[in-house]
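None of the figures in this text is laboratory data; all of them are computed from the coordinates on show. Nothing here was measured: the structure is a model prediction, and the numbers come from that model. Backbone-built Cβ (ideal geometry, glycine too); neighbour counts: all protein chains shown.
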Ligand SMILES: [Ca+2]
Ligand SMILES: [Ca+2]
Ligand SMILES: [Ca+2]
């Protein structure tokens, strides 16, 4: 899509896949329309990650961060909250974390921080917060979220 549009622009080809000012066109495929990037978000319509902080413009907007400020980035660390039994014991653990589009995430557990086993595999990032409720067998358990390309 992107390379076709460049051919169209630079060489006057008759291929019509969308003009850069087309209201429905997203040249850099970051989830924001060119027209919105130029007029509203002030981001670069040719660059997925306008401020170079590692998060695509569309993901930053969806997650509530600023795509033109590299200091404004979603927290990588997962957030945890607990649900307790009436006797105070841990019943379940809620984990939520910000995800990047086109990355995958794994939730893993460990008792000793050495041996890790997978609780959930291949969670597809989508530029939004993902939340999971984890049922724990053991009250003493380490949980981590791993991101892969
Ligand atoms: Ca775009
Ligand atoms: Ca960014
Ligand atoms: Ca940013």
Worksheet, complete the sentence: Simple spin-label estimate for residue 83/residue 114, 7 Å along Cα→Cβ, in nm, reads 3.4 nm
Worksheet, complete the sentence: Once both label points are put 7 Å beyond Cα along the C-beta direction, the residue 75-residue 39 separation in nm becomes 3.6 nm
Discussion item. Rounded, prolate or oblate, given the Cα gyration tensor of region 38-133, with a/c below 1.5 counting as rounded?
Written reply: prolate
Item to complete: Please work out the C-alpha center-to-center distance from region 99-143 to region 32-47 and express it in whole Å.
Response: 34 Å
Worksheet item: Does anything in region 88-112 have its amide N under 15 Å from the 7 Å Cα→Cβ label point of residue 29, and if so which residues?
Response: 101-103
Worksheet item: Could the peptides 67-73, 55-61 be put in order, highest first, of the mean number of other beta-carbon atoms found within 10 Å of their residues?
Response: 55-61, 67-73
Worksheet item: Nearest-5 percent of antiparallel DSSP beta bridges in region 38-149?
Response: 100 percent
Worksheet item: In nm², what is the average projected area of the convex hull enclosing the Cα atoms of region 79-148?
Response: 4.7 nm²
